[in-house]
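See structure below.
Derivation of every value follows stated rules applied to the coordinates shown; laboratory data play no part. Because the structure is a prediction, the values reported are computed rather than measured. So basically every Cβ, Gly included, is an ideal-geometry build from the backbone, and we count neighbours across all protein chains shown.
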Amino acid sequence: MNLRNITADKLVALYQNRDASVTEVITRVFEEIERTDGSVRAFLTLCKDKALEDARRIDKKIADGEPLEPLSGVPVAIKDNMALRDVTTTCGSKILEGYVSPYTATAVERLRAAGAIVVGKTNLDEFAMGSSTENSGFFATRNPHNLDHVPGGSSGGSAAAVAGGMSLIALGSDTGGSIRTPASFCGVVGVKPTYGRVSRYGLVAYASSLDQIGPFAKSVRECAQVLSIICGFDPYDSTSANVPVEPFLRDIDQPLKEVRIGVPREYFVPGLDPEVKARFEQCIKVYEGLGCRIDEISLPHTEHAIAAYYLIATAEASSNLARYDGVRYGVRKGGEAGLADMYRKTRMNGFGKEVKRRILLGTYALSAGYYDAYYLKAMKVRTLILQDFQNAFGQVDLILTPTSPTVAFRIGEKIDDPLSMYLSDIFTITCNLAGLPGISIPAGTNSAGLPIGVQLLGNHFQETLMLQAACNFEKAFLLQ
Amino acid sequence: MKITEADVEYVAKLANLEVADNEKKELAGQLTRILDYVEQLNTLDVSAVAPTTQILENVKHAIRDDSVVPRTGSSEAGKTVKYFKVPKVITER
């Protein structure tokens, strides 16, 4: 059994036909983690005892002839900013070291109810702030395709766990590209659903108006299956959208009929790597071959997206992270000189550099005298970016872009230059500002063997078409 | 916009953060560069544009009836810790 060569539905079929036992497979998964994760370092916490207990319970169900759930015995990894009852949730931050969640996030709960087995919690940039998983307060995760390169971020641990054959499925969260960038860098599929599609209950907030949970897997089909389980209304999340969840898998293999795909001219930026550009142009041809009409479109405010994003996200973060003050969660420091002393010393010692930088930037953007100039202006530019997409979706059904302007960069390459790190999010950030669904699909590797990803964006709640188009691409690309 | 070390100190105080002296200079430089970058938004005339605070305005969000229902969740936090002890709140000047 090698997780690199099997999909979730085939694994469940193996169990159903009694060709493999869940206990045997989950034991092998932990052996693989032991072999691989010493160098990749995707996991912060392993849940071996609980996973094997779950495995034995499902094996008993099979022995008793009980019907299986759609993901029975399928190993999943969870980004460590989602709560799992009785297990630590650190968000990759020293400030939450040792904090144990008293409840389970809705998305995780739904996966577990569908039979999935949580093998562990994965590394991330501290509080999901970063594009490389180097900002973790504990250690950096490495790209399974080349250990000298980053896996992307912030959900780098989840992407690396799937790419490294240590889990079949993983959950991540995406605030400005944190699912799609690591999916692209690690050569797996990653989906950021429409804002409101998946409950954020139990997801530790970074920027609440942008955050969304989504899946990683090796195939579009598996991601669609996970989405059909985790999407849907949740009364515990006040921004959860009460819209019906379509059967994403039903027509996923159907050929595309008269689909119009837009390619935004503003995405051919100077920093676009020539090999990524050439591969992207090849991807356009793949869609032409699938009978789609390709139209050049314009998203004129794209160049302002990163500026607007880093004001809005940091402003929301500075407010969301105010709760880490040493009173209720994790670490507590100082206090000799009173309460304020405890707040400052706890936060100084607990937060890493990037988190402090973003809290300071966000606090500045919200402070008296600067609110209108920075935060309010960014919110107005967000309106313009949303209107760009509304206009575009009047002409086309889907938008095709590269996921990232480059392949995975080297560890350490951008760590001292926060602005250049921010600029690497240029193709993924607009999707969060506009609340759209997006998917990164693998499109082969470059000459150095590093994966390249291509991104599809859909209109709000149009995941069905987006997944169908992604699934068609996946098959056509392999046949080339 | 040039951010000085004094600005860093002031904003850090607002955010209840303590920044080490050797970090102030580096942070002032990085924040200056980031703010210089975001100044580009000033090239846009947004005087007639409404801000977007909520993306999906036509979606009915979860507003529940104001009634007591049993739930597992954050209320369980109180099971392990009955109260949170904090240092002295009022200190001498």
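Do you know the relative contact order of segment A:163-250, to the nearest whole percent, from alpha carbon pairs under 8 angstrom that are 6+ apart? Relative contact order here is 30 percent. Partners of A:Lys414 within straight-line reach, counting lysines whose Cα lies under 16 Å from its Cα and excluding those fewer than 8 residues away in the same chain: A:Lys353. Sort out for me the Cα centre separation of segment A:187-235 from segment A:89-147, rounded to whole Å. With segment A:187-235 and segment A:89-147 each reduced to a Cα centre, they are spaced 15 Å. The alpha carbon gyration tensor of segment A:353-408 gives principal lengths a ≥ b ≥ c with a/c of 1.5 or higher and a/b no greater than b/c, which makes the shape oblate. For the peptide A:192-203, the mean number of other protein chain Cβ atoms found within 10 angstrom of a residue's Cβ is 2.
Residue by residue through B:25-36, how many Cβ atoms from other chains fall within 10 Å of the Cβ on average?
4
Rounded to 0.05, the FRET efficiency of the A:Ala448 and A:Asn349 pair, given R0 = 45 Å and the Cβ-Cβ distance, is 0.70.
Label the protein assembly as shown by shape, choosing from rounded, prolate and oblate, from the square roots a ≥ b ≥ c of the eigenvalues of the Cα gyration tensor; if a/c is under 1.5 it is rounded, and otherwise prolate applies when a/b is larger than b/c, oblate when it is not.
Oblate shape, in that a/c is at least 1.5 and b/c is the bigger or equal ratio.
Cross-link reach is defined here as a Cα-Cα straight distance under 18 Å, omitting same-chain residues fewer than 8 places apart; for A:Lys60 the aspartates and glutamates meeting it are A:Asp19, A:Glu24, A:Asp49, A:Glu69. Let me make sure I get this right: for segment A:173-217, a, b and c are the square roots of the gyration tensor eigenvalues over alpha carbons, sorted descending. Under 1.5 in a/c it's rounded, otherwise prolate if a/b > b/c, else oblate. Which is it? Taking the square roots of the gyration eigenvalues as a ≥ b ≥ c, segment A:173-217 is prolate. Computed over the protein assembly as shown, the per-residue total of -39500 (n - 2.57) for DSSP H runs of n ≥ 4 gives a 222 nm mean residue ellipticity of -11500 deg cm²/dmol, rounded to 500.
Projecting label points 7 angstrom from Cα along Cα→Cβ for A:Ala322 and A:Glu258 puts them 5.3 nm apart.
DSSP assigns beta bridges within the protein assembly as shown; of those with both partners inside it, close to 65 percent run antiparallel. For the pair segment A:406-453 / segment A:1-29, the C-alpha centres are spaced 32 Å from each other.
Simple point charges give the picture: +1 on the Cβ of Lys and Arg, -1 on the Cβ of Asp and Glu, and for the protein assembly as shown a dipole about the Cα centre of about 1060 debye. Name the long-range amide H neighbours of A:Thr194: under 5 Å, sequence gap of 5 or more, or other chain; modelled H, no Pro or chain starts. It is A:Phe461, by chain and number. Pairs A:Lys257/A:Lys277; A:Lys356/B:Lys13; A:Lys218/A:Lys475: which are spaced more than 24 Å apart, C-alpha to C-alpha? From the list (A:Lys257/A:Lys277; A:Lys356/B:Lys13; A:Lys218/A:Lys475), the Cα-Cα distance tops 24 Å for A:Lys257/A:Lys277.
Extension gain for the segment A:Tyr371 to A:Glu303, taken as residue separation times 0.36 nm less the Cα-Cα distance, is 22.3 nm to one decimal. Couplings for segment B:25-42, taken from phi via the Karplus curve 6.51 cos²θ - 1.76 cosθ + 1.60 with θ = phi - 60°, read 5, 4, 5, 4, x, 5, 5, 4, 5, 5, 5, 4, 5, 6, 4, 3, 5, 5 Hz in order; Gly and Pro are left as x. Would you mind counting up the charge near A:Arg347? Only other residues with Cβ under 10 Å from its Cβ, with Lys and Arg at +1 and Asp and Glu at -1. Residues close to A:Arg347 contribute a combined charge of +2. How charged is the neighbourhood of A:Thr175? Take every other residue with its Cβ under 12 Å from the Cβ of A:Thr175, and add Lys/Arg as +1 and Asp/Glu as -1. Result for the local shell: 0. Each peptide in A:65-76, A:407-418 was scored by the mean count of other Cβ atoms within 10 Å over its residues; highest first, the order is A:65-76, A:407-418. Once C-alpha pairs closer than 8 Å and six or more residues apart are averaged by separation and normalised to the residue number of segment A:3-230, the relative contact order reads 21 percent.
Residues in segment A:175-182 carry Karplus couplings, in order, of 10, x, x, 5, 9, 5, 5, x Hz; the curve used is 6.51 cos²θ - 1.76 cosθ + 1.60 with θ = phi - 60°, and Gly or Pro positions show x. Between the amide H of A:Val259 and those of A:Arg293, distances stay under 5 Å, these residues lying 5 or more places away or on another chain, with hydrogens modeled in the peptide plane.
Measuring r between the beta carbons of B:Val89 and B:Gln40 and using R0 = 51 Å, the FRET efficiency lands at 0.70. Could you tell me the distance between the Cα centroids of segment A:308-358 and segment A:247-261, to the nearest Å? Cα centres, segment A:308-358 to segment A:247-261: 46 Å. Taking a sphere under 13 Å around the Cβ of A:Tyr370 and counting the other residues whose Cβ falls inside, with K and R at +1 and D and E at -1, yields a net charge of -2.
Averaging the sequence gap over all C-alpha pairs within less than 8 Å and six or more residues apart, then dividing by the number of residues, gives chain A a relative contact order of 17 percent.
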